[in-house]
Every structure is written in C-alpha cells, then in structure tokens.
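Peer 1: Structure below; questions to follow.
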C-alpha cells in the first residue's frame with residue numbers, strides 16, 4: 001500500500017478548494033493547482049473564510065486553522081506534482097478536459113503515485129485508460145460542500161488495483177469521511193438517484209404542474225427535504241446537473257433519463273444557479289426570487 005502524505009488537487013473551484021481544505025485540516029500537505037491565478041486567490045480566501053467559520057463553531061482552534069493554511073501551497077502548473085503521493089482531479093465535469101489534464105499530469109508523477117478523479121458521473125474505467133497507470137486510478141467523489149458533507153463515494157474502474165483501493169480508502173477515513181463503495185456505472189449511486197429527482201422537478205415546472213416556489217415548498221414540507229430540488233439544483237450548478245443527466249441518458253439508453261428541455265434552456269442562457277446569480281432563482285437582490 002502507498003503511504004499518502006502529500007496530496008495534489010487539480011482545480012481550485014468549489015470542489016477543489018473544499019478538498020484542499022479537508023486534506024490540510026487532516027494534516028496532509030497540499031498542492032492546489034489551477035491555471036487561473038484569480039481562481040487560486042479566490043480559493044485561498046474561501047478556505048480561510050470557511051476555516052474561520054469552523055473556529056467560531058468550535059470545530060477548530062486558531063492554531064489548527066493557521067497550521068492547516070500553511071500546509072496548502074498554490075501552484076499554477078503541474079511540475080510540482082512530482083512531490084505528491086496522491087492526485088485528486090477536481091476540474092470541470094467534461095471528459096475531454098479531464099483526459100487532457102491526465103495527459104499533461106502523468107509524465108510529472110513518480111511511478112508509485114496514485115491518481116483519483118472527483119468526477120460525479122464519468123466512467124472511471126475510461127478515465128483510467130487515458131493514463132499510464134490504470135491500476136493506480138480510482139474514483140473519489142466528494143459531496144458538496146466538502147468540509148460539511150461526510151460521504152465520499154469510492155469507485156473502482158475495471159483495472160483499479162486492490163492496494164490502490166485500500167490506500168485511498170484509508171486516506172479518506174483519515175479525513176473524517178465515511179466511504180460508500182460504488183460500481184463503475186454512469187453517475188454511480190448518489191447522482192443516479194438524486195439527479196433524476198431534480199430532473200423530474202424541472203419537468204414538473206416545465207409542464208406547469210407547479211411554480212418554483214410551490215415545487216420547492218412541497219418537497220421541503222411534504223418530504224422533509226432540507227431544501228427544495230430546484231434550490232438544490234441552483235446550489236449544485238445547472239450545468240453540472242445537465243452534464244450528469246446527459247451521462248445517464250447516453251450511458252444507460254433509457255428515456256427516463258432524458259434531460260428536461262427547460263434545464264437545457266437555462267444552461268444555454270447561462271443561468272447556471274448561484275454561481276452566475278441566476279437559475280431557478282434570481283440571487284441578485286437581498287432575497288432570492290423565483291424566475292418562474
């Protein structure tokens with residue numbers, strides 16, 4: 001088994017900065033890479049802000065926060081990744097982007113280094129086959145927001161070795177996370193169940209069964225969900241929801257996974273949810289306002 005002490009995280013967006021955060025708090029050295037310097041700067045600000053919130057809630061001390069922040073090193077290229085034991089790719093949910101990253105990454109790594117992808121839906125077997133070490137490749141799907149959510153899905157590709165699985169599982173437990181093992185089917189477990197529910201909520205809106213507020217209220221109070229499915233879609237990102245539904249539809253060839261045309265239209269408009277200030281709700285004012 002590989003001893004994991006230093007981790008490289010690719011992508012400083014919402015998932016990447018959350019993963020870097022929990023790794024640093026757990027005592028691992030972290031290289032956080034992004035080609036966009038502004039994204040790196042925002043990520044470090046977000047991590048510091050979220051750790052401060054944990055201090056105020058009594059989950060960390062000031063000393064623990066300061067020590068964790070010192071463990072994170074921002075980098076703008078992959079050359080430093082020759083130092084890492086495990087890479088966690090957390091780039092955008094597009095297979096061609098991930099394959100391109102792995103093509104640049106593999107020559108930089110030590111032979112024994114492990115690679116994982118935080119993909120929420122793409123085949124681990126296919127991604128692994130694009131690298132020089134499919135036996136040392138695994139899916140490591142964190143939930144959002146990473147510092148809060150306890151679950152991590154572990155997904156083995158057809159070639160993933162037992163030692164790789166055990167090393168990454170033990171590493172994930174050291175982060176204080178609970179693991180659930182999923183087979184390499186489209187969207188794995190959580191999103192195979194969650195995204196069709198969100199897609200059906202969009203169909204309910206599209207067909208005029210209810211408006212945004214009514215649908216979310218119905219599911220919050222009628223099913224005891226902490227937030228409605230359309231609000232949750234905005235939080236996840238409508239582009240991510242659409243991407244997962246497309247993977248399910250193409251991978252399983254079942255019409256029940258057809259993305260709702262209204263979801264497609266919102267993404268085409270650039271209304272992707274909270275990150276663009278508009279989705280099923282408009283976030284540009286003091287209070288979110290339904291857009292339909």
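The values are calculated or read from the model by the stated rules, or taken from the named source; none is laboratory data. None of the values given here were measured: they were computed from a predicted structure. Please note: Cβ atoms are built from the backbone with ideal geometry, for glycine as well, and neighbour counts cover all protein chains shown.
Peer 1: So which helices (runs of 4 or more DSSP H) are wholly in region 178-260 and hold at least 3 residues that are more than 28 Å from residue 116 (Cα to Cα) and either assigned by TED's automatic domain parsing to the domain that holds residue 154 or over 22 Å from the mean Cα position of the chain (by Cα) (or both)?
Peer 2: On the way: elements: 190-206, 212-222, 229-236, 238-252.
Hits in region 178-260: 190-206, 212-222.
Peer 1: Also, quick follow-up: If I filter region 42-61 for residues that are surrounded by fewer than 18 Cβ atoms within 10 Å (Cβ to Cβ), assigned to a helix (DSSP H, G or I) and at pLDDT below 95, do I get at least one hit?
Peer 2: no
Peer 1: Checking the condition modelled with pLDDT under 95 and either assigned to a strand (DSSP E or B) or within 28 Å of residue 236 (Cβ to Cβ) (or both), which residue from 121, 116, 100 passes?
Peer 2: Going through 121, 116, 100 in turn, just one is modelled with pLDDT under 95 and either assigned to a strand (DSSP E or B) or within 28 Å of residue 236 (Cβ to Cβ) (or both): 121.
Peer 1: For a quick check of your reading of the model, give me the residue pairs whose first member lies in region 155-168 and is more than 15 Å from residue 182 (Cβ to Cβ), whose second is at pLDDT below 95, with beta-carbon atoms closer than 6 Å and at least 6 apart or on different chains.
Peer 2: Going by the 6 Å Cβ cut-off, the qualifying pairs are 163/1; 166/1; 167/1; 167/2.
Peer 1: Shifting gears a bit: Scan region 70-84 for residues that are part of a helix (DSSP H, G or I), surrounded by 15 or more Cβ atoms within 10 Å (Cβ to Cβ) and in contact with a helix residue (DSSP H, G or I) (Cβ under 6 Å, 6 or more places away or on another chain) and jot them down.
Peer 2: Passing the criteria: only 81.
Peer 1: Can you go through 140, 105 and tell me which one is touching a strand residue (DSSP E or B) at 6+ places or on another chain (Cβ under 8 Å), touching a residue at least 12 places away in the same chain (Cβ under 8 Å) and in a helix (DSSP H, G or I)? If you could, list the steps in order and put the result at the bottom.
Peer 2: Details: 140 fails: in a helix (DSSP H, G or I).
After applying the criteria, what remains is 105.
Peer 1: Can you pull out the residues in region 183-211 that are touching a strand residue (DSSP E or B) at 6+ places or on another chain (Cβ under 9 Å) and either without any contact (Cβ under 8 Å) to a residue 24 or more places away in the chain or under 17 Å from residue 258 (Cβ atoms) (or both)?
Peer 2: 191, 192
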